[in-house]
């Protein structure tokens, strides 16, 4: 035994802009000037130059044939490289090693690279997300060049990406990464209106608060932002900011919504960006600036996040506003009492909702995604932190990503049902920009039986969603 | 589901070597030396090589006039028309010499060949594919050549690699791998086009062929429908006429891209990939219709190191089936010509020619005509005999066969993903519903009307399998005859 298996690993990540290098024909020039960021720094300059050179060659070669979009990936026998050109001349490149299995056959071991287990659509999405996350905090690369200089840009990249790369769990990414979706919490009318009132009141009282978003646990209840902007904010909140704070909180916070107790009445409302301890604060502390892009122009905001019990309220304050400690104090005084009653209502509503029975391997698992509002629901994933904590086998998830890829050939509306060699059934349906995937593990089931089961599930899980009849 | 024990089309003796279409292409099934030594006949391999060089160079000479005309044409290589071709194929030697380009003149594309070679070397020979929007770029290294496909057809990397393998095999079939390697060992920057004039046309045709025929994707052969007694009697006539001829390895009778009969030397089997090359040769070479020909031919999957010699002729003016007699002897044209005459006489006497003609003229019926109104088209492949059957095209695919073939290619790819193969898939779009099924014994791909419900589709599939089973002895080549 002793077979060595390896998961997908990050080999390198770099950003370059050929325009910063020597002019064409100038062979003596310093090629390294093109490179704005390179990970890992342990690769020597020769390797860095070669890697960038290859990408430049590939970009040029592929353009010869007029592809419908710029080059997105390179497959070699052991590696996968993904490309993204977010701004003119800037290329962001991610290199991954293919997963490996070692097989022992007749006493000889052989290493096999599982090319198909590294899916382009998943990692292209991860690469784009890395850039968009950078852009959320620093604006475009060009913006930094225009307002500051090249060295500042390099420094910002260094600080941001080095930390970001450490935080992504590269081998646990799957179809959810492609969606980059948002989880919403549906509520009863009264509670929802209460929240909307609360938000409207704040926005009119402090008119420099341009937008507000309201979350309960990791679910959005209200967001005044465009979905595309909210998408990155949501990734940041659920992926970085909230988990870091939940750990430090004394109570409440991370409890799943179904078990959140309405008896917790003590409130611990506080700012988690800004002055985190208002009583002792002398300054306003750290408030991140974010850049939002959806409304056809770049807008700069202070992102102030307030958290009480399981609720998180995000305020997007006009970037030009000078923030003062007193504003925070006033805001806190206003929010604190109102929020605890709202949270109680939400918790009460949630506890009344039917709790899905504990899942067995035979329970069908599903993933739903709506491209219009970026909403997703998954009973496959036990959390949304890419921990690999999933309720079906990884191959079924990969089959879903395959289907997502091939569904593009089916046009706007289509459905597909497949049976894998280990007797899983995977179903997919696309209609009205909504996507629905189901995994069923039923031995000895027939296609007809599974089709009926799928139909039933669509009716129960998606009863209020209109699918074009097929 | 369907009521039979053995899948339709299965036979006790396999006529062809059963294989998966994506399997390792280098594996050969046989050895010419073995045939030679077993039959203890002269093995003057070296002399063979020389004679073929001569004949090939004669052809080169004849075609030189043709290439001058080409040079007067405008620079198609820079035009948008050239850029937007759906599938480019390039062949370069590892030393960077242009060998083949599907569109445009290789010499004018020298810069592009340079770039491709550069990328290949720069990536330490490991580059497999590049993806950019609708365009897929596939690289295949087959020493001493590098083959590249640039495609906007939506075909996946495996399908394109398969086609590049066919192109390589087409080149090998003219030169043998032994000779190809030797040429480059001796002179790394040799201009292979000197030896390959005429092969261009074959490669062109092969590529068109593989874009229009499901046979390549399935790695299987389709037979001309004939009553079993009829096929047996034809095979027997061929066998009897050739039984006295030493070292005859294969006798192949084909028509209309369909196999009619295959008789082979004991213990030796033909690989479907080789048979595809033979079909291609016959289809692409109009001149074979007018006279008997004698041509050296290497079958790469059979033995890529040496030539077989083929006597190629059409049966008669009134019967457009083509007979190929393949031997390891390089100077038996006349005995084979006599044998052919004998075969034709007997076939004529036994009314076999008439039956072949009837079947050639009739072709397959559409699924609709055979009582499956919701079934538009299907492919059935029997795995053990690597033979397949497809009905005639019917609307909406009659005008756009390529779309149907690409549909099948996608379905096939989906079923055969190396790490996640599927057993079954039912896919529905607003245009059609595609049912794919891969079992131990067979593969089935069926295209239905889009609105068919699942139960009727399943019902139709099981009726279809029974229908095929009932006609298996007509649709497939079941009995193997040997010399």
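Structural remarks
- Relative contact order for chain B: 21 percent, from Cα pairs under 8 Å spaced at least 6 residues apart, divided by residue count.
- Point-to-point label distance, residue A:405-residue A:338, nm (Cα→Cβ direction, 7 Å offset): 4.9
- Stokes-Einstein D in µm²/s, Kirkwood radius over Cα pairs - segment B:121-211 at 10 °C with 1.306 mPa s viscosity: 111
- Once C-alpha pairs closer than 8 Å and six or more residues apart are averaged by separation and normalised to the residue number of chain A, the relative contact order reads 11 percent.
- Centre separation in Å (Cα based) which lies between segment B:325-350 and segment A:95-160: 65
- Put simply, when B:217-224, A:312-319, A:188-195 are sorted by average Cβ atoms within 10 angstrom per residue, most first, you get B:217-224, A:312-319, A:188-195.
- Rg(Cα) / (2.2 N^0.38 Å) computed for segment A:274-329, rounded to two decimals: 1.25
- Looking at the protein assembly as shown alone, DSSP beta bridges between its own residues are antiparallel in about 95 percent of cases.
- Each semi-axis of the equivalent ellipsoid for segment A:2-101 is √(5λ) with λ an eigenvalue of the Cα gyration tensor; in descending order they amount to 26, 18, 11 Å.
- At q = 0.11, 0.13, 0.21, 0.24 Å⁻¹, base-10 log of I(q)/I(0) for segment B:375-475 (Debye sum, equal scatterers on each alpha carbon): -0.32, -0.45, -1.22, -1.52
- Fraction of C-alpha pairs exceeding 24 angstrom in segment A:106-202: 55 percent, rounded to a whole number.
- Taking every alpha-carbon pair under 8 Å whose residues sit at least 6 apart, segment A:365-461 reaches a relative contact order of 25 percent.
- Difference of contour (0.36 nm per residue) and Cα-Cα distance, residue B:403 to residue B:115: 100.5 nm
- Virtual spin-label span in nm between residue A:294 and residue A:382, 7 Å along Cα→Cβ: 3.2
- Overall dimensions of segment A:13-164 by Cα: Rg and Dmax, Å: 17.4, 64
- Remark: spin-label model distance residue A:201-residue B:431 equals 5.7 nm, labels positioned 7 Å along the Cα→Cβ axis.
- Compactness of segment A:189-353 was expressed as the Cα radius of gyration divided by 2.2 N^0.38 Å, which yields 0.99.
- Within segment B:346-411, all pairs of alpha-carbon atoms sorted by distance into 5 Å bins from zero give the percentages 4, 14, 17, 19, 18, 13, 8, 5, 3, 0.
- Cα-based equivalent ellipsoid of segment B:207-275: semi-axis lengths in Å, sorted from largest, via gyration tensor: 25, 15, 9
- Potential lengthening between residue A:318 and residue A:106 on full extension [0.36 nm per residue; Cα-Cα distance subtracted]: 69.5 nm
- With R₀ set to 30 Å, the beta-carbon distance separating residue A:68 from residue B:125 gives a calculated FRET efficiency near 0.55.
- Semi-axis lengths, largest first, of the ellipsoid equivalent to segment B:308-424 are 37, 22, 12 Å, with √(5λ) applied to each eigenvalue of the Cα gyration tensor.
- Relative intensity of the protein assembly as shown on a log10 scale, I(q)/I(0) at q = 0.06 Å⁻¹, equals -0.54, per a Debye sum over C-alpha point scatterers of equal strength in the absence of solvent.
- Span per principal axis, largest first, for the Cα atoms of segment B:226-361 (Å): 40, 31, 27
- Length available on full extension from residue B:291 to residue B:331: 0.36 nm per residue minus the Cα-Cα distance, which gives 12.6 nm.
- Across chain B, counting alpha-carbon atoms alone, Rg and Dmax equal 22.9, 65 Å.
- In chain A, the C-alpha radius of gyration followed by the widest Cα-Cα span (Dmax) gives 24.6, 77 angstrom.
- Exercise: per-residue mean of other protein chain Cβ atoms within 10 Å, B:414-421: 5
A short reminder: the numbers here are calculations on the coordinates, not readings from a lab. On a predicted model such as this, the values are computed, not experimentally measured, just so you know. Please note: Cβ atoms are built from the backbone with ideal geometry, for glycine as well, and neighbour counts cover all protein chains shown.
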